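Please read through the structure below; I'll follow up with questions.
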Amino acid sequence: MKKSLRLTPILDLAEKKEQDAAKAFALQQQKVQTMLQGRERLQGFLDSYHARYQSSGSQGLTVSQLAEYRAFLSKINSAIEEQTAGLHAAEAELLAKRRAWEATHQHREGMAKLIQNARQEEDKLENKREQADMDERAARKALRGASVIE
């Protein structure tokens, strides 16, 4: 069996691994995007709440309203910090998945190049065999022709 044919299943496996890594990378990109949007929503909510506080603060707040405001701001800030920490972890995971995809992509490309080189070498050998066969036939024909003349 030709080397290129023996290597084809390995290339198929490399392609499958590359596709799986690309899917995992895409899913992680979506996760990062979703987390980023969530953090932006929280930040927007914080900004909106803070603006409402500023406008109502000019009219005066009771001590309990001020305490509630501070407690609520603390909760929102904690949620933003948690979301940011989760986002950083998701971005690190995204980088790892990107590197994994790149590695599988390079491996697949290497296998494809190896098979291409093997096919080229097989073609060269086949051409040499065909040329040798044609040379041998021509030599036999020439010998037959020379023996007929004598």
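Nothing in this text is a laboratory measurement; each read-out follows from the coordinates by a stated rule. Please read these numbers as outputs of a predicted model, since none were measured by experiment. So basically every Cβ, Gly included, is an ideal-geometry build from the backbone, and we count neighbours across all protein chains shown.
Please work out if Ala92 is surrounded by fewer than 16 Cβ atoms within 10 Å (Cβ to Cβ) and either touching a helix residue (DSSP H, G or I) at 6+ places or on another chain (Cβ under 9 Å) or in a helix (DSSP H, G or I) (or both).
yes
Which one of Ala67, Ala79, Ala90, Ala85 is within 14 Å of Gln30 (Cα to Cα) and among the small types (Gly, Ala, Ser)?
Ala90
Check region 39-49 and report whether any residue there is outside any helix (DSSP H, G or I) and either under 30 Å from Leu125 (Cα atoms) or hydroxyl-bearing (Ser, Thr, Tyr) (or both).
no
So which of Ile80, Ile76, Ile115 ends up being in contact (Cβ under 8 Å) with a residue 60 or more places away in the chain and among the β-branched types (Val, Ile, Thr)?
Only one candidate qualifies: Ile115.
Something else now. For Leu61, work out the one condition from (1) part of a helix (DSSP H, G or I); (2) more than 39 Å from the chain's Cα centre (by Cα) it doesn't fulfil.
Every listed condition holds for Leu61 apart from (1).
Checking Arg140 against (1) closer than 30 Å to Ala21 by Cβ; (2) of a type outside the set (Ser, Thr, Tyr); (3) free of Cβ contacts under 8 Å to residues at least 12 places away in the same chain, only one condition comes out false. Which one?
Exception for Arg140: condition (1).
Return the residues of region 95-137 that are touching a helix residue (DSSP H, G or I) at 6+ places or on another chain (Cβ under 7 Å) and more than 21 Å from Lys16 (Cα to Cα); say none if nothing qualifies.
The answer is Ala118, Arg119, Glu122.
Sort out which residues of region 1-14 are surrounded by fewer than 15 Cβ atoms within 10 Å (Cβ to Cβ) and part of a helix (DSSP H, G or I), and write them in order of number.
Correct list: Lys3, Leu5, Arg6, Thr8, Pro9, Ile10, Asp12, Leu13.
Looking at region 122-137, is at least one residue of a type in the set (Gly, Ala, Ser), exposed (fewer than 13 other Cβ atoms within 10 Å of the Cβ), closer than 30 Å to Val32 by Cα and without any contact (Cβ under 8 Å) to a residue 40 or more places away in the chain?
No, region 122-137 contains no residue that is of a type in the set (Gly, Ala, Ser), exposed (fewer than 13 other Cβ atoms within 10 Å of the Cβ), closer than 30 Å to Val32 by Cα and without any contact (Cβ under 8 Å) to a residue 40 or more places away in the chain.
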